[in-house]
Each structure stands twice: as structure tokens, then as C-alpha cells.
Amino acid sequence: MIHGILNVRKEKGFTSHDVVAKLRGMTRQKKIGHTGTLDPDAEGVLPVCLGKATRLCEMMTDKEKAYEAVLVLGKETDTQDLGGQILNETETNHLTKAEVEEAILSFLGSYDQIPPMYSALKVGGKKLYELAREGREVERKARRVEIRSLRVLDTHLPEVRFEVVCSKGTYVRTLCYDIGRKLGCGGCMGDLLRTKSGAFTLATSHTLSEIGEYLESGRIGEILIPIDAMFPDIRRVTIKAGQEKSVYNGNPLRKGQLEDGENLCPEDGEQIRVYGSDGTFLALYIYRRSRESYAVEKMFYNPE
């Protein structure tokens with residue numbers, strides 16, 4: 001079984017689920033999961049976790065993301081992008097480049113965003129896009145999102161290409177819709193390219209066909225990112241020979257069970273990466289001062 005993360009460049013026409021399904025077929029293993037949905041018409045960075053790395057999926061979806069998007073002014077659709085049915089069309093000849101760019105940049109910072117009906121969020125146990133396809137629209141609660149960076153790249157009205165860095169849970173489609181509403185002409189999203197997800201960038205991503213070539217040639221290790229590479233800033237600690245069973249059982253660890261443990265002066269809540277005496281990454285542990293020991297936070301040991 002393959003254990004690690006692949007930085008997939010999702011192409012247009014594939015859902016995130018499609019990418020996972022194709023990788024399951026290519027690798028002949030079931031344990032695979034992605035770290036953040038991309039719309040079918042969107043492309044770009046989609047980190048995919050394989051094997052033991054699937055335990056990282058939830059942790060990685062929290063990371064900030066960066067996109068390049070095209071805002072199309074004068075159109076509103078039911079999906080908030082050009083792939084949907086047009087609901088309203090408005091003239092945009094009166095708009096100036098300056099006022100449009102000012103409206104876009106006004107969204108920098110935190111704001112309350114209402115999730116679109118065509119999304120995978122659940123209301124009453126049912127996904128919103130399922131309700132939307134049934135012709136139903138339900139009330140959605142606004143969610144606080146953070147637009148950490150906004151930069152206009154190109155303006156040819158009624159279209160504007162911009163770059164955005166945002167918190168998890170931000171819908172760029174809805175940001176385009178909200179900008180259009182602020183300008184009074186409506187708006188929707190054209191193209192969307194995710195350029196970054198956490199530590200993963202477009203420059204180091206690979207298409208499914210490229211990944212297939214690496215698999216066929218037995219070189220998948222060249223592009224597979226190790227699990228522990230996701231925690232570069234967390235202290236690495238090796239457990240003493242003969243003490244590994246404590247980790248395998250998920251037991252707390254005391255300093256005396258760790259190599260150079262007597263030199264550790266951890267703060268309450270400080271994490272460590274625990275490795276076996278053979279160099280195998282086993283788990284993330286966190287220090288609990290009240291118990292003077294480390295408690296397991298995330299286990300990656302998996303006997304095969």
C-alpha cells in the first residue's frame with residue numbers, strides 16, 4: 001500500500017470525487033481521500049492522501065488556500081458561476097475600472113458569507129446541491145470567512161481577473177456574487193484556478209496522467225510527499241528501543257521513554273513527532289503538564 005500525499009493538479013471536468021476514484025483504480029488501493037473539494041469546472045491544486053496519510057485529511061482541510069479567479073459582471077446564475085442557468089443580466093457600460101477594483105478590494109478582511117445553494121454543505125442531513133437540484137432553496141446561515149489577500153491582476157470590463165488568499169470554507173463563487181451585488185449589476189465567477197492549498201503549490205502539482213506515468217515506471221516515490229513532511233516545525237523525538245509497544249498501544253509517554261528525553265523542557269500543549277528506533281514515523285504526541293507525560297494526538301503506526 002502507498003502511504004503519503006500526492007499534489008494533484010485537478011483538470012476541468014473532473015469532480016474531486018472523480019480524482020479519488022481514478023487514483024483508487026490506478027493504485028489498486030481503497031484508502032484514499034482528498035483534502036478540500038474543487039468544483040468540476042475549477043482546476044488546480046488538490047492534495048490527495050493515500051494509506052496512513054488519510055488520517056491527515058481533516059487537519060489539511062483547515063489550511064488557507066489561494067486562487068486566481070475571473071469575475072464576470074452583469075450576470076447572475078443559480079450556481080454563481082458561468083456553468084449555471086442565467087437568472088439576471090444587467091448592463092455594465094456605466095462601470096469604471098477604478099470603482100470596480102475599489103469594490104473588489106473592499107472585501108479584504110473578514111466578512112459574513114452566505115454559502116451558495118450549489119454546495120456540499122448539509123442542511124437537515126441533506127446536501128445543499130441536492131436540494132437545489134430538486135428546485136428547493138433553503139435558508140443558510142452566514143459564516144465568517146477571512147479574505148487575507150486580494151490583488152487585481154487584469155481588468156477588461158465586464159471581466160476582472162484577480163488573485164485571492166482566503167480561509168477555509170470561503171466560496172470564491174460567492175465572493176464574485178457579493179462583489180457584483182455591491183456594484184449593483186450582479187456578478188458570477190468565470191474560470192477558477194486554485195494555486196495553493198496549505199504548503200502545496202501549483203508549481204509542484206501533477207496531473208492524473210503524469211501520476212500514472214510515475215506509477216507505471218515505479219517512480220511514484222519521487223513525487224509522493226511523506227506524512228511527516230507535513231509537520232516540519234514540530235520537534236522530532238525517537239523512542240528508546242524496546243519502548244515502541246507503548247506507542248503501538250496508544251499509551252502516554254514519559255520523558256524517560258524517549259531518547260534524550262531528560263533534555264526536553266516542553267510547554268503545556270507542545271507537540272512532538274515520535275519515531276521508532278528504526279526511523280519510522282509513528283505518531284504525533286502532545287505534552288500534558290498536569291500529567292507530566294505526552295498523550296497521543298494522531299497515530300500513524302499501521303502494522304502491515
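Pull out all pairs, ordered by first then second residue, where Cβ-Cβ is under 6 Å, the residues are six or more apart or on different chains, the first lies in the range 94-115 and is of a type in the set (Asp, Glu), and the second is open to solvent by less than 90 Å² (accessible area, probe 1.4 Å).
The qualifying pairs are Glu101/Val152; Asp112/Ala142.
Kindly check whether there is at least one residue in the range 28-36 that is exposed (fewer than 15 other Cβ atoms within 10 Å of the Cβ) and either hydrophobic (A, V, I, L, M, F, W, C) or at positive phi (or both). Steps first, please.
We begin by selecting, within the range 28-36, every residue exposed (fewer than 15 other Cβ atoms within 10 Å of the Cβ); these are 28-30.
Now drop any that are not either hydrophobic (A, V, I, L, M, F, W, C) or at positive phi (or both), which leaves 28.
For the range 28-36, residues exposed (fewer than 15 other Cβ atoms within 10 Å of the Cβ) and either hydrophobic (A, V, I, L, M, F, W, C) or at positive phi (or both): present.
Restricting attention to the range 225-238, report how many residues are touching a helix residue (DSSP H, G or I) at 6+ places or on another chain (Cβ under 6 Å) and open to solvent by 80 Å² or more (accessible area, probe 1.4 Å).
0
So Phe107 fits all but one of (1) open to solvent by less than 70 Å² (accessible area, probe 1.4 Å); (2) not in a loop (DSSP other than H, G, I, E, B); what number is the exception?
Every condition holds for Phe107 apart from (2).
Name the single residue that is nearest to His156 (Cα to Cα) among those in the range 179-190 being out of contact with any Gly (no Cβ under 8 Å at 6 or more places or on another chain) and assigned to a helix (DSSP H, G or I).
Taking the range 179-190 as the starting set, the residues that turn out to be out of contact with any Gly (no Cβ under 8 Å at 6 or more places or on another chain) are 182-184, 189-190.
Narrowing further to those that are assigned to a helix (DSSP H, G or I): 182-183.
Working: Lys182: 19, Leu183: 16 Å.
Within the range 179-190, the match that is nearest to His156 (Cα to Cα) is Leu183.
Would you point out which residue out of Arg289, Arg254 is touching a Ser or Thr at 6+ places or on another chain (Cβ under 6 Å) and either among the basic types (Lys, Arg) or on the phi > 0 side of the Ramachandran plot (or both)? Show your work before the answer.
Working: Arg289 fails: touching a Ser or Thr at 6+ places or on another chain (Cβ under 6 Å).
Residue meeting the stated conditions: Arg254.
Within the range 83-97, does at least one residue satisfy the condition of being crowded, with 16+ Cβ neighbours inside 10 Å and not in a loop (DSSP other than H, G, I, E, B)?
no
Of all residues being assigned to a loop (DSSP other than H, G, I, E, B) and of a type in the set (Asp, Glu) in the range 1-53, which is farthest from Leu82 (Cα to Cα)? Just the residue, please. I'd like the intermediate steps shown before the answer.
Step one: of the range 1-53, the residues assigned to a loop (DSSP other than H, G, I, E, B) are 1-3, 11-15, 28-31, 35-42.
Among the residues that remain, those that are also of a type in the set (Asp, Glu) are: 11, 39, 41.
On the way: Glu11: 17, Asp39: 12, Asp41: 9 Å.
So, considering only residues that are assigned to a loop (DSSP other than H, G, I, E, B) and of a type in the set (Asp, Glu), the one farthest from Leu82 (Cα to Cα) is Glu11.
Please determine whether any residue of the range 125-139 is open to solvent by 20 Å² or more (accessible area, probe 1.4 Å), within 13 Å of Leu108 (Cα to Cα) and not in a loop (DSSP other than H, G, I, E, B). Spell out how you get there, then give the answer.
Initially, the range 125-139 is screened for residues open to solvent by 20 Å² or more (accessible area, probe 1.4 Å), giving 125-127, 129-130, 133-139.
From what's left, within 13 Å of Leu108 (Cα to Cα): none.
The answer is no, given that none of the residues of the range 125-139 is open to solvent by 20 Å² or more (accessible area, probe 1.4 Å), within 13 Å of Leu108 (Cα to Cα) and not in a loop (DSSP other than H, G, I, E, B).
Okay, residues lined up against (1) exposed (fewer than 15 other Cβ atoms within 10 Å of the Cβ); (2) acidic (Asp, Glu); (3) more than 22 Å from the chain's Cα centre (by Cα); (4) at pLDDT below 95:
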site: Ile147; (1), (2), (3), (4): no, no, no, no
site: Arg151; (1), (2), (3), (4): yes, no, no, no
site: Val160; (1), (2), (3), (4): no, no, yes, no
site: Val165; (1), (2), (3), (4): no, no, no, no
site: Tyr171; (1), (2), (3), (4): no, no, no, yes
site: Ser197; (1), (2), (3), (4): no, no, no, yes
site: His206; (1), (2), (3), (4): no, no, no, no
site: Glu210; (1), (2), (3), (4): yes, yes, no, no
site: Glu213; (1), (2), (3), (4): yes, yes, yes, no
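For the range 221-262, how many residues are of a type in the set (A, V, I, L, M) and over 15 Å from Ala283 (Cβ atoms)?
First, the residues of the range 221-262 that are of a type in the set (A, V, I, L, M): 223-225, 227, 229-230, 234, 237, 239, 241, 247, 253, 258.
From what is left, the residues that are over 15 Å from Ala283 (Cβ atoms) are 223-225, 229, 241.
Selection size over the range 221-262: 5.
Where residues in the range 46-81 are β-branched (Val, Ile, Thr) and under 30 Å from Gly184 (Cα atoms), which of them is surrounded by the fewest Cβ atoms within 10 Å (Cβ to Cβ)?
For the range 46-81, the residue satisfying everything is Val70.
I'd like the residue in the range 239-295 that is small (Gly, Ala, Ser) and part of a loop (DSSP other than H, G, I, E, B) and, out of all such residues, is surrounded by the most Cβ atoms within 10 Å (Cβ to Cβ). Outline the logic, then answer.
So the first thing to find is which residues in the range 239-295 are small (Gly, Ala, Ser), and the list is 241-242, 246, 250, 256, 261, 269, 276-277, 279, 283, 290, 293, 295.
Now restrict to residues that are part of a loop (DSSP other than H, G, I, E, B): 241-242, 250, 269, 276-277, 279.
Numbers: Ala241: 10, Gly242: 9, Gly250: 11, Gly269: 9, Gly276: 17, Ser277: 13, Gly279: 7.
Looking at residues that are small (Gly, Ala, Ser) and part of a loop (DSSP other than H, G, I, E, B), I get Gly276.
The values are calculated or read from the model by the stated rules, or taken from the named source; none is laboratory data. Just so you know, these numbers come straight off a predicted model, no measurement behind them. All Cβ positions, glycine included, derive from the backbone under ideal geometry; neighbour counts span all protein chains shown. Accessible surface areas use protein heavy atoms only, side chains included; no ligands, DNA or RNA. Shrake-Rupley method; radii C 1.70, N 1.55, O 1.52, S 1.80 Å.
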